[in-house]
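To start, the structure under review is shown below, and the notes come after it.
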Amino acid sequence: MKRPRSKRRSGLGPDAERLVWLANGLAESGSRAEDRLWENQLTELIDQLLDEGDEDTINSALDQLYSSSLTAYDELADFVESRAENAGRKLADEDVLLVAAPLLSWSRYRIPALAISDAVLANLRVHLQAHVLADNVRLSVASYLFSPDQLPVGYCNTARFAEEIGVAAQADQDLSIDVASLPETTQFLSDTRYLLFAVAVPRGKPMFRWQENAGDRDHALTQWRSQGGACLVPLLPGCAVEVVLPDAYFAASRRADRESRAYAVRASVAFLGATLEAPASNLRAIIAPFHDLQLEEFRIGLTLKDSDQVVHGIVWPLLGAEDDGPDVLAQIEATLRESGVTEILSLDHHFPMEYCDDCGAPLYPSPEGEAVHAELPETPDEQMPRHLH
C-alpha cells in the first residue's frame, strides 16, 4: 500500500510508522464505524508482523507512541495483545483464545515449576469446565506449571504458542510440553506460577461462565479457588498458595502482577515471623521511591523495631496508569498495616535504581535513608531465597 510520507520519523521503519499512524487514527476516532476501519487495517498489519516474527517493528511503534501519545500507545498495546493471544485469528468460524490461570505462591524453600500428570490434567479439565468455562467449550490444557521465566517471550512467541495450543483446543486434546526445552527458573521467596490453556468455541459464543446468563466472575473465582485450587495446591508442596481468576492471557498476567504486590508484602511478613520468630508488630517498614528516568517502583526495607539492619526487602513495581498518583503510597501503607506492621517510615527523596554489584539483588531503603543490601541476621538454609520477586 502506498504510504503518505516518504520521510521517516525517528528512524522508524515503514511498518512501524504505519502502526503509529493507525494507532493514532484509532485513538482519535469519533465513531464505531470509523473504529472498524482502523481496526481492520491494524488487524491485517499486526497479524502479518506476528506471522513474520517481527517483534522489533511492533516494539519500535510502541516506543514511539509511549513518548508521543499514551492514548494511542494503549490502543496499540491492547490490539497487539489481543491478536497475539487470539489463537483463532486465522479462522473464520471459530474463536480460540489463550488463557492463563495464575497462582501466587511463597515458600521458605523452592517453589516448583513442574510437569503436570495426566490424572491431574483430567481433574483440572473437569473443574475448569464446571466452574470457569461456558458450556460446550473445547479445551486444551498445557501439561506444565510455568514460572514467569518459562512463559513465551514477546508477542510473536506468544502468538506461536497460542496457535499451537489452539490447534489442540480445537481437537479438545491437552498439549504436552517439552520440559527439556524450558529455561531454568529463578527462585524467589514469593513468585507466580501459571497454568496455561486454550479454549475453542463457535464464533461469537460464550467462552467463560460469567458470559452466560446470570454468570458472575466472583462466583466463578470462589468455585475455582475451592475446587480447582484443590487440584493445584498439591503441586506446590511446602508453599502457601493463592489462586487468581483465569482470564485471557495478558489480562490474567496483569492481574497476577497487581495482586502479587500485596501478596509479596504478606508473604514477607509471614516469612520473617517464621524465620526470626518476629511477629508483625515487632517489624518496622521503610518505604522509598526508586527512579530511573522516571519513578519506576517503590521498595520496602524491613527491620526489627530495635535494629536499623534491613533484614528483608520487597519491590512494589508501578505497573500502569493506575499507579500514577499519590494513592500508591497509601495503598502500600494500608497493605503493611493489614499485614500487622504498624511502624512505617516513608522517605520522600529520590533513590536511584541500585542493585548489589555481587549478587544483583535490589538495594532497599534503611532507616538512615540509605540504599542497602537486605541481610538476615543469621545464615539461612541454602535453599532459602534472600529477597522477594
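The values are calculated or read from the model by the stated rules, or taken from the named source; none is laboratory data. Because the structure is predicted, anything quoted here is derived from the model rather than measured. Cβ placement follows ideal geometry from the backbone for every residue including glycine, while neighbour counts extend to all protein chains displayed. The protein model used for the area step is the full one, side chains on, heavy atoms only, and it has no ligands, DNA or RNA in it. Shrake-Rupley method; radii C 1.70, N 1.55, O 1.52, S 1.80 Å.
State whether the residues of the stretch 108-124 include one that is part of a helix (DSSP H, G or I) and either within 30 Å of Leu12 (Cβ to Cβ) or not aliphatic (A, V, I, L, M) (or both). Yes, the conditions are met somewhere in the stretch 108-124.
Within the stretch 190-223, restricting attention to residues that are basic (Lys, Arg) and open to solvent by 10 Å² or more (accessible area, probe 1.4 Å), the residue that is nearest to the chain's Cα centre (by Cα) is Arg217. Provide a single number: the residues in the stretch 71-94 that are open to solvent by 40 Å² or more (accessible area, probe 1.4 Å) and in a helix (DSSP H, G or I). Final tally of qualifying residues: 6. Of the residues making up the stretch 51-100, those that are aliphatic (A, V, I, L, M) and under 30 Å from Leu128 (Cβ atoms) are Ala77, Val80, Ala84, Ala87, Leu91, Ala92, Val96, Leu97, Leu98, Val99, Ala100. Checked against the criterion of being basic (Lys, Arg) and over 23 Å from the mean Cα position of the chain (by Cα), the stretch 132-149 contains one or more residues that satisfy it.
Within the stretch 277-292, the residues that satisfy the criterion of being over 23 Å from Arg254 (Cα atoms) and surrounded by fewer than 15 Cβ atoms within 10 Å (Cβ to Cβ) are Glu277, Pro279, Ser281.
Scanning the stretch 147-184 for residues that are hydroxyl-bearing (Ser, Thr, Tyr) and open to solvent by 50 Å² or more (accessible area, probe 1.4 Å) yields Ser176, Ser181. Exactly one residue out of Val269, Val311 is open to solvent by less than 40 Å² (accessible area, probe 1.4 Å), in a helix (DSSP H, G or I) and modelled with pLDDT of 90 or more, and it is Val269.
Looking only at residues that are in contact with a strand residue (DSSP E or B) (Cβ under 6 Å, 6 or more places away or on another chain), more than 15 Å from Leu295 (Cα to Cα) and of a type outside the set (Val, Ile, Thr) in the stretch 342-363, which one is most open to solvent (accessible area, probe 1.4 Å)? Filtering the stretch 342-363 for residues that are in contact with a strand residue (DSSP E or B) (Cβ under 6 Å, 6 or more places away or on another chain), more than 15 Å from Leu295 (Cα to Cα) and of a type outside the set (Val, Ile, Thr), the one most open to solvent (accessible area, probe 1.4 Å) comes out as Tyr355.
The single condition among (1) part of a strand (DSSP E or B); (2) over 20 Å from the mean Cα position of the chain (by Cα); (3) of a type outside the set (A, V, I, L, M, F, W, C) that His349 does not meet is (1).
Determine whether the stretch 92-115 contains at least one residue that is under 23 Å from Arg217 (Cβ atoms) and basic (Lys, Arg). Checking the stretch 92-115: not a single residue is under 23 Å from Arg217 (Cβ atoms) and basic (Lys, Arg). For the stretch 36-63, a tally of residues being open to solvent by 30 Å² or more (accessible area, probe 1.4 Å) and either at pLDDT below 95 or charged (D, E, K, R) (or both) returns 9.
Taking each residue of the stretch 77-88 that is within 14 Å of Asn59 (Cα to Cα) and looking for partners that are of a type in the set (Asp, Glu) with beta-carbon atoms closer than 9 Å, six or more apart or interchain, yields Phe79/Glu39.
Residues of the stretch 108-136 that are over 21 Å from Val179 (Cβ atoms) and open to solvent by less than 10 Å² (accessible area, probe 1.4 Å): Leu128, Val132, Leu133, Ala134.
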